[in-house]
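*Asks:* First, the structure itself, so that you have it in front of you.
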Amino acid sequence: MKNEQYVIEKISPEESWRIFRIMAEFVDGIEALSNLPPAVTIFGSARAKPGDKYYTLADKLGGELARQGLAVITGGGPGVMEAANKGAFEARGQSVGLNIELPFEQKLNPYTNVNLSFRYFFIRKVMFVKYAIGYVIFPGGFGTMDELFEALTLIQTDKIKPFPVVLFGSEYWSGLVDWVENTMLEGSMISPEDRSIFTVTDSIQAVVEIMQNTRP
């Protein structure tokens, strides 16, 4: 039998320091968010403008959640995120922005009273999930879809305790829901019970009631 030689590559100083940066982001996030009241995480397009339909609705929802004593967590950027933070902030609730450092599009909106900036997407995602009693997903792009399917996968695989995932805006989400039901489910790519992981609504009051019924 030949002697096998194993080559252990040296870890560069740059890689070693990256480990400490990751640890520091986790510590900062846990310290900043551990004393929050029950919180709802809201996602949606960074490209929505003040006056747009979903900007206005996200603003109203943020305010209603805050008046019920629930914190509002967003990605801290513009668009739907800004609107939800604005509603919570103006209702004198806890308005949390978890910003991500990007070369374009994303900068912290002015309507947060708790905010953090993250270098790593995966740490930010942990914070979104860890401190939420539910997700509300407004219309959005790739980033919004990423957060949606991450949550659905974690719930489906029992990696987290199930919580409500609400898709807000039935017109926007109808195509995706149709594909899930008539392509994924019909093709046995998911189980029938997986369809119940998420709810679709156009009602702010329905969202508030769902989250109120979920709070500890």
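*Asks:* What's the Cα-based Rg to Rh of segment 91-188, Rh via Kirkwood?
*Replies:* On the way: Rg = 15.4 Å, Rh = 15.4 Å.
On the Cα set of segment 91-188, Rg over Rh gives 1.00.
*Asks:* Could you work out how much longer the chain between MET145 and ASP158 gets when fully extended? Use 0.36 nm per residue separation minus the Cα distance between them, nm to one decimal.
*Replies:* That works out to 2.7 nm of additional length.
*Asks:* A 26 angstrom limit on the alpha carbon distance is what I want to check against. Which of LYS53/LYS107; LYS49/LYS125; LYS107/LYS161 exceed it? Don't skip to the answer; put the middle values down first.
*Replies:* Numbers: LYS53/LYS107 22 Å; LYS49/LYS125 24 Å; LYS107/LYS161 31 Å.
Where the Cα-Cα span goes over 26 Å, the pairs concerned are LYS107/LYS161.
*Asks:* Give the share of C-alpha pairs in each 5 angstrom bin for segment 17-66, from 0 to the last occupied bin, in whole percents, shortest bins first.
*Replies:* 4, 15, 17, 14, 14, 15, 12, 7, 2
*Asks:* Okay, next question. Quote the relative contact order of segment 13-214 in percent (integer), defining contacts as alpha-carbon pairs under 8 Å separated by 6+ residues. Walk me through the numbers on the way to the answer.
*Replies:* Working: 372 pairs, mean separation 39.1, N = 202.
Relative contact order for segment 13-214 comes out at 19 percent.
*Asks:* Right, something else. What are the membrane-span-like helices in the chain by this rule: whole DSSP H runs, Cα extent along the axis at least 18 Å, mean Kyte-Doolittle hydropathy at least -1.0? Don't skip to the end; give the middle numbers.
*Replies:* Numbers: long enough: 13-33 (30 Å, 0.11); 53-67 (22 Å, -0.56); 142-156 (21 Å, 0.63).
Membrane-span-like by this rule: 13-33, 53-67, 142-156.
*Asks:* For GLU171, what charge total do you get from the other residues with a beta carbon under 15 Å from its beta carbon, if Lys and Arg give +1 and Asp and Glu give -1? It would help to have the intermediate numbers written out before the result.
*Replies:* Details: positive: LYS53; negative: ASP52, ASP178, ASP202.
Overall, the nearby charge balance is -2.
*Asks:* Which of LEU36, LEU102, LEU65 ends up with the largest GNM mean-square fluctuation for the chain, with Cα atoms connected below 10 Å?
*Replies:* It is LEU102.
Any read-out appearing in this document is the output of simple, stated calculations on the displayed coordinates, not a laboratory observation. As the structure is a computational prediction, the values presented were derived from the model and not from experiment. Cβ sites come from the backbone with ideal geometry, for glycine too, and all protein chains shown count toward neighbours.
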